[in-house]
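The values are calculated or read from the model by the stated rules, or taken from the named source; none is laboratory data. Predicted model only: the values in this text are computed from it and were never measured. Note: ideal-geometry Cβ built from the backbone for every residue, glycine included; neighbour counts use all protein chains shown. To get the accessible areas, we keep the full protein, side chains included, count just its heavy atoms, and leave off ligands, DNA and RNA. Shrake-Rupley method; radii C 1.70, N 1.55, O 1.52, S 1.80 Å.
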Amino acid sequence: MSHTFSASDLEHHITQLFVAAGSTPAEASQVASNLVMANLSGHDSHGVGMAPRYVDAILEKSLTPGSSVAVRVDGGMLLGLDGQQGFGQTVGVQAMELAFERVAQHGACIMSLSHAHHLGRIGHFAEMAVARGWVSLHFVNVLSRPVVAPWHGGDGRYGTNPCCIGIPVGVGDNTQEPFVLDFATSRVAQGKMRVAHNEGKQVAPGTLIDEHGRPTTNPGVVVVPQSNGGYGALMPFGEHKGFGLAVACELLGGALSGGGTWHREADNKRAVYNGMLSIIIDPKALGTQMSFAQETMAFIDWLRQSPATEGSDGVKLAGEPERAARVARQKNGIVVDDATWQEIKDAGAKVGLKL
Ligand code: NAD
């Protein structure tokens, strides 16, 4: 069974949930709107299904409603920020806005953000930058249960460490839809395994290993404790190359930001902390704005002319699937499976709200 909501109804319920959990209405609405936007974009893994976990993190005092970003270092193009265990959906936006002030002044900004609670869909931040005509790169680590196995390793040692690159295409009246590449460095996002498990589905071979390091298609191995009390693990994407990128995300998002890397046994904490290193560049300041705009358009046009292979719907560019999902889901509504909706109602009950 499932439930279909309009985006505004779903946002209203989730806003109520976070207000009941201790947020101001403004903060609750910003977090809810970000989560619903992830659902609208087709990424249910980072949508309202995360809300129960956030409520648990508030109750265990590892996520602090009302927290805002603290400036640790403010050195021209370099900005070192601490998210102070605040909602990633609010401190992440504050961090980007502070970085944008430096880009306006210096043409670029290297911003690090440590100790943010879950930043959600990283593409949200790249979309903020490309809307201004700026390029943005994000390397992120995840401090939570280590769910991804190193390449040729047999158990989970680190998180799904997302990487994101946003590039505006064209300029002025000739602006086209941007390129927004935004992905977990595991074969699939952990949240997608939660969704598949809740829906009782199996996943593609090559995605997971079980608690003994053996291949499996059962998403439950990374969602619920297994026979030995432990968990299985997700595989890295792109074999040794994807694993290398995941390690780079850990070292840049975790070590360089000051938020730290994961190198300990799993605990039962519900909090998910992210560290993020972001690089934002104004092409105008590099002196290439016009040629950059022409070349981005020419290259994307060239790619689109590639003939579609049999059985495929042809070449798509990163960012397109999310924009198409938004149009479809605004029209048809957002489907929330029964198990996820029950978890949201249970989270409401924990903070005295009947949904
Ligand atoms: P995914 O596997 O769906 O890949 C998404 C990327 O691939 C997008 O850029 C999309 O536009 C592009 N894409 C999809 N189909 C395409 C096609 N046919 N042709 C060209 N490009 C295509 O995403 P994912 O790895 O499941 O990640 C989902 C979300 O999870 C992301 O928004 C990511 O930021 C988020 N995430 C967050 C955290 C965190 O801790 N905050 C951790 C992991 C992932």
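Of note:
- Annotation note: trypsin sites (Lys or Arg not before Pro) in the range 286-355 located in DSSP loop regions with a Cβ neighbour count of at most 11 within 10 Å are K354.
- Candidates L137, L303, L119: whichever shows maximal mean-square fluctuation once the chain is modelled as a Gaussian network with Cα springs under 10 Å: L303
- Once you reduce the range 128-159 and the range 269-341 to the center of their Cα atoms, the two points are 17 Å from each other.
- Near the amide H of Q176, within less than 5 Å, lie the amide hydrogens of V169, G170, V171, all on another chain or at least 5 residues away, with H placed in the peptide plane.
- In the range 48-183, the DSSP beta bridges split such that about 75 percent are antiparallel, to the nearest 5.
- Applying the Karplus relation 6.51 cos²θ - 1.76 cosθ + 1.60 with θ = phi - 60° to the range 116-121 yields 3J(HN,Hα) values of 8, 6, 2, 7, x, 6 Hz, where x marks Gly and Pro.
- Among the trypsin sites (Lys or Arg not before Pro) found in the range 176-280, those both in a DSSP coil and sparsely packed, with 16 or fewer other Cβ atoms within 10 Å of their Cβ, are K201, R264, K269.
- Under the Karplus curve 6.51 cos²θ - 1.76 cosθ + 1.60, θ = phi - 60°, whole-Hz ³J(HN,Hα) for the range 313-318, x wherever Gly or Pro sits: 9, x, 6, 10, 10, 3
- GNM top mover of H197, H43, H152 - the chain, alpha-carbon springs below 10 Å: H152
- Within the straight-line cut-off of under 18 Å between alpha carbons, the aspartates and glutamates reachable from K192 are D44, D182, D210, E322, D337, D338, E343, sequence neighbours fewer than 8 places apart in one chain being disregarded.
- The residues of the range 246-355 present an accessible area of 59 Å² per residue when probed at 1.4 Å with all protein chains retained.
- Loop-located GluC sites (Glu not before Pro) in the range 245-320, at most 12 other Cβ atoms within 10 Å (DSSP): E265, E310
- Accessible-area composition of the chain, carbon plus sulfur, in percent [1.4 Å probe]: 55
- Build a GNM of the chain with springs between Cα atoms under 10 Å apart, and of G49, G287, G76 the one that fluctuates most is G287.
- Among the helices of the chain, those built from whole DSSP H runs whose Cα atoms reach 15 Å or more along their own axis and whose mean Kyte-Doolittle hydropathy is at least -1.0 are 7-20, 25-40, 88-106, 239-249, 289-304.
- Of all DSSP beta bridges confined to the chain, the antiparallel ones make up roughly 90%.
- Computed accessible area, H240, all protein chains, 1.4 angstrom probe, square angstrom: 100
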